[in-house]
Amino acid sequence: MSATPNFAAPPRVTPKPGMTHSLFDAPGTAMPLRLVLDTNVVLDLFHFRAPAVAPLAAALTAGRIRCLTDTGCLAELRRVLAYPKLKIPPGEAERLWHAYAAQAEQVPGSGATTHLPRCRDRDDQRFLELAARGRAAWLVSKDKLVLKVRRSRMPLPFTLLHPDEAILRLATPATAHPADRSARP
C-alpha cells in the first residue's frame with residue numbers, strides 16, 4: 001500500500017470540431033473520455049492500488065480517460081486521507097492528494113449547471129454536480145446511495161457506473177453502449 005501508480009499525465013487535448021469522446025474513433029480524432037471518480041474509487045486507484053481497478057489505472061496512464069475534480073472533491077479527498085482508520089501517515093496522505101490533484105483536470109465553480117436528482121447522502125451530491133458541470137461522460141462510484149440515483153425518473157446528463165461497469169465499457173467498443181451520455185467539452 002505504499003506507492004501510487006506511476007501515472008504519466010496525459011497530454012492536454014484541445015477539442016476540435018468533429019472530435020468525439022469515443023475511444024474507438026479513427027486514430028488522431030479521439031479525445032480522452034471525461035469522467036468523475038468518487039473518493040472511494042480514487043482511494044482504490046492511488047492508495048490501495050486495488051487490482052480490481054487496474055484497468056482504470058491503465059486507461060488513465062494511457063490517456064484514454066481524463067478525471068475531473070473540483071475544490072470540494074479535493075477537500076473531501078484530503079479529509080478522507082486523514083481518517084485515522086486508514087492509518088496513512090500525513091506525509092503519504094499529502095503525496096497521494098498531490099498525485100491525484102496533478103492527474104485530474106480542475107473544473108471551476110460549484111453546484112450544477114442543470115437540475116439533477118438528489119442523492120440521499122448530501123455529501124455525495126457534489127459528485128453528481130461535478131459530473132454535470134464538467135460535462136463528464138461518466139460518474140464512476142462504488143457508493144450505493146450514489147448508484148441508487150440511477151433509479152430516478154429524472155435523466156442524468158452523464159452515465160452513472162460502478163467501477164466494474166466502467167471497466168467493462170472501456171474494454172468494449174463505444175457503439176455497444178448507445179445509452180452512454182457522451183457530453184462534449
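The values are calculated or read from the model by the stated rules, or taken from the named source; none is laboratory data. Everything quoted here is computed from the prediction, not taken from an experiment. So basically every Cβ, Gly included, is an ideal-geometry build from the backbone, and we count neighbours across all protein chains shown.
Yes or no: GLU129 under 13 Å from the mean Cα position of the chain (by Cα) and among the charged types (D, E, K, R)?
Values: under 13 Å from the mean Cα position of the chain (by Cα): yes; among the charged types (D, E, K, R): yes.
In short, yes.
In the range 128-173, which residues are farther than 21 Å from CYS73 by Cα and either in contact with a His (Cβ under 8 Å, 6 or more places away or on another chain) or in a loop (DSSP other than H, G, I, E, B) (or both)?
Selection gives SER152, ARG153, MET154, PRO155, ARG169, ALA171, THR172, PRO173.
Taking only the range 48-63 into account, find how many residues are outside any helix (DSSP H, G or I), among the aliphatic types (A, V, I, L, M) and farther than 14 Å from ASP164 by Cβ.
Filtering the range 48-63 down to residues outside any helix (DSSP H, G or I) leaves 48-50, 63.
Next, from what is left, pick out any that are among the aliphatic types (A, V, I, L, M): 50.
With farther than 14 Å from ASP164 by Cβ added as a condition, the list becomes none.
Of the residues in that region, 0 qualify.
Pull up the range 11-51, narrow it to residues that are at pLDDT below 50 and among the polar types (S, T, N, Q), then point me to the one that is surrounded by the most Cβ atoms within 10 Å (Cβ to Cβ).
We begin by selecting, within the range 11-51, every residue at pLDDT below 50; these are 11-29.
This time we only want the ones that are among the polar types (S, T, N, Q), so: 14, 20, 22, 29.
Numbers: THR14: 8, THR20: 15, SER22: 17, THR29: 11.
Selected residue: SER22.
Pairs only if they're at least six apart or on different chains, beta carbon under 7 angstrom, first in the range 121-132 and under 14 Å from PRO108 (Cα atoms) and crowded, with 20+ Cβ neighbours inside 10 Å, second charged (D, E, K, R) and at pLDDT 95 or above; list them, first residue then second.
PHE127/ASP38; LEU130/ASP70
Would you confirm whether any residue within the range 113-127 is closer than 17 Å to GLU76 by Cβ, in contact with a strand residue (DSSP E or B) (Cβ under 7 Å, 6 or more places away or on another chain), assigned to a helix (DSSP H, G or I) and not acidic (Asp, Glu)?
Yes, there is a match, as at least one residue in the range 113-127 is closer than 17 Å to GLU76 by Cβ, in contact with a strand residue (DSSP E or B) (Cβ under 7 Å, 6 or more places away or on another chain), assigned to a helix (DSSP H, G or I) and not acidic (Asp, Glu).
With respect to TYR83, is the statement that it is of a type in the set (Phe, Trp, Tyr) and within 21 Å of LEU170 (Cα to Cα) true?
In short, no.
Give the number of residues within the range 67-95 that are within 16 Å of the chain's Cα centre (by Cα), of a type in the set (A, V, I, L, M, F, W, C) and in a helix (DSSP H, G or I).
So in the range 67-95, the residues within 16 Å of the chain's Cα centre (by Cα) come out as 67-77.
Applying the additional criterion that residues be of a type in the set (A, V, I, L, M, F, W, C) yields 67-68, 73-75, 77.
Okay, now just the ones that are also in a helix (DSSP H, G or I), so 73-75, 77.
The total comes to 4.
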